[in-house]
Amino acid sequence: MSTRTVKVSNVSLNASEQHVEGYFSISGDIEYVEMRSADECSQIAYVTFKDSQGAENALLLSDAKIDGQSVVITAATDYELPPAASDPQESAGGSRSAFEKAVGVLKHTAKKTKDFGMKHRPEFTFDAKVPIFGGKGNVGVEKRV
């Protein structure tokens, strides 16, 4: 596939451009996100990645839910970036920092994990041993539940 853009249909009206960008940032580096009205119940997002591999990864997320609403992800072969996409600030990394994008991904992952737990109600617990680094080079292990 040579296209770098995916079309995300049936996006909740409550979902913002930043929310969509955070959701798809796990697929690859995003160059531009454009939101358009579709109808009174949903909107369409066009997510353009810096390379075609990002778009290919995003297509694997089809049947996903964004803001609790199932979306349809397809290749947008006829999409053209608007003039605003060539803004030097956007192409130099965008208005959001990598940290802000990572926070968005982490929030999304935490929500998905919580939703999974609420849906399946697992009946198990686990222990984890975490290395603890103290002052003066002391290293220990702490058990956390």
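The values are calculated or read from the model by the stated rules, or taken from the named source; none is laboratory data. Just so it is clear, the structure is predicted and the values come from calculations on it, not from any experiment.
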**Prompt:** Taking segment 1-33, which residues are of a type in the set (Lys, Arg) and under 13 Å from Ile44 (Cα atoms)?
**Reply:** Lys7
**Request:** Select from segment 69-98 the residues that are under 15 Å from the mean Cα position of the chain (by Cα) and either on the phi > 0 side of the Ramachandran plot or at pLDDT below 70 (or both) and list them in ascending order.
**Result:** Arg96, Ser97, Ala98
